[in-house]
1. Once both labels are modelled 7 Å past Cα along the beta-carbon direction, what's the Glu53-Gln32 spacing in nm?
2. Hey, what angle do you get for helix 131-143 against the long axis of the chain, alpha-carbon based, 0 to 90 degrees rounded to 10?
3. Rounded to the nearest 5, what % of DSSP beta bridges with both residues in region 12-143 are antiparallel?
4. How large is ³J(HN,Hα) for each residue in region 159-165, as worked out from phi by the Karplus curve 6.51 cos²θ - 1.76 cosθ + 1.60 (θ = phi - 60°), to whole Hz, x for Gly and Pro?
5. Can you show me the helix-derived [θ] at 222 nm for the chain, built from DSSP H runs with n ≥ 4 at -39,500 (n - 2.57) apiece and divided by the number of residues, rounded to the nearest 500.
6. Springs between alpha-carbon pairs under 10 angstrom, Gaussian network model over the chain: which of Pro123, Pro44, Pro155 fluctuates most?
7. Hey, what's the per residue convex hull volume over the C-alpha atoms of region 81-175, in cubic angstrom?
8. For region 108-157 and region 28-44, what is the separation of their C-alpha centers, rounded to whole Å?
Amino acid sequence: MERGFLVRPRSGEVIRSVAHRMLDALDMKGRQVPVMHVLEGVLPYVDDRFSFEILEPEEMLQRFRMNAEGMTVHRDNTIALRIDVYVAACSGAGRHRFTAAHELGHYLLHKDEGMQFPRKSTPETKIYCDSEWQANTFAREFLVDLRYCGRLSGPEEVASFYQVSTQVAEIQWNAAKKMAP
Ligand SMILES: [Zn+2]
């Protein structure tokens, strides 16, 4: 896994509950989450500082000095997606929907968390203190609601119902089965 920055420790359960509270507030529990609509059509209205941007690859490079698929800029309250990622996420591609949800995770979890003087996470960093691990965990829990996904027939149906990759579907399916009474 790609390492990010050192952030406040958060367990998988804490991140799951943040994701579930967000789903409940958006009245999306158990449903396939229209993550692009959340970024473009919901967040800008409930959070008037927030802005969403779509960037050409050259703009991505210019502004962030890397050709990232997505970027969250806390000081500007902005999430930016590269245009090809945006287009693919809008048409329902699981991997790119995940990228959008991952950036939302950074936005919701990591504001005011030492990004002014960021410290790189290293292989010795506890995984639950790593910003990338936390954002990936958020994306999974936000896109596949564990409280409901266990009612489907298996990982294949989870992947198609929630429009996520088979890898994400399998992780959530196994977690749901472990939780089930
Ligand atoms: Zn990230």
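1. 3.1
2. The angle comes out near 40 degrees.
3. Working: 4 of 9 bridges.
Counting DSSP beta bridges with both partners in region 12-143, the antiparallel share is about 45 percent.
4. Each residue of region 159-165 in turn: 4, 7, 5, 9, 6, 10, 5 Hz.
5. Details: 9 runs with 89 residues, N = 181.
The helix contribution divided over the chain gives -14500 deg cm²/dmol.
6. So, out of Pro123, Pro44, Pro155, the one fluctuating most is Pro123.
7. Numbers: hull volume 10.7 nm³, N = 95.
Dividing the Cα hull volume of region 81-175 by its residues yields 113 Å³.
8. Here the two parts' Cα centres lie 17 Å apart.
Taken together, the values in this text are just the output of simple stated rules run on the coordinates, not laboratory data. As the structure is a prediction and not an experimental result, all values here were calculated from the model. Note that we place each Cβ from the backbone using ideal geometry, even for glycine, and neighbour counts take in every protein chain shown.
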